[in-house]
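Okay, structure first, notes after.
The values are calculated or read from the model by the stated rules, or taken from the named source; none is laboratory data. Keep in mind that this is a model prediction, so the values were computed, not measured. Virtual Cβ from ideal backbone geometry, glycine too; neighbours counted across all protein chains shown. Only protein heavy atoms, including side chains, enter the accessible area calculation; ligands, DNA and RNA are left aside. Shrake-Rupley method; radii C 1.70, N 1.55, O 1.52, S 1.80 Å.
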Amino acid sequence: MRDVVNEVYKKMKVGSIAWVRPVAAKGDTLESFQNSYEHAKALADEGLITIGDVKRQDDNMIEAIRIHRLA
């Protein structure tokens, strides 16, 4: 399973903001993307990012996470 949040984090510049979403072309599904929130929380706990917003569908599945790179 890809760590989508870590991939986006590595491409970001310090101070920038990005929406993290599953990429179907890379084999991501909405179901596999649910673990990405746990990865984002781990990076936030380390002080590397903050989680600005989490977009959820009607069935409460996460479809996008907005992150802000701090370090």
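Before I look further, what does the chain give for accessible area per residue, probe 1.4 Å, in whole square angstrom?
Values: 4370 Å² over 71 residues.
Value for the chain: 62 Å² per residue.
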Worksheet item: Using all Cα-Cα distances in the chain, what percent lands in each 10 angstrom bin from 0 up to the longest?
Response: 22, 56, 21, 1
Discussion item. Compute the helix-to-body angle for 36-45: its Cα long axis versus the longest principal axis of the chain, expressed 0 to 90° and rounded to tens.
Written reply: 20
Worksheet, complete the sentence: Computed, not fitted: 222 nm per-residue ellipticity of the chain from DSSP H runs ≥ 4 (each -39500 (n - 2.57)), nearest 500, equal to -8000 deg cm²/dmol
Worksheet item: Full extension from E63 to V14: what is 0.36 nm times the residue separation minus their Cα-Cα distance, to one decimal in nm?
Response: 15.2 nm
Worksheet item: Considering only the other residues whose Cβ falls under 10 Å of the Cβ of T50, what net charge follows from Lys and Arg at +1 and Asp and Glu at -1?
Response: +2
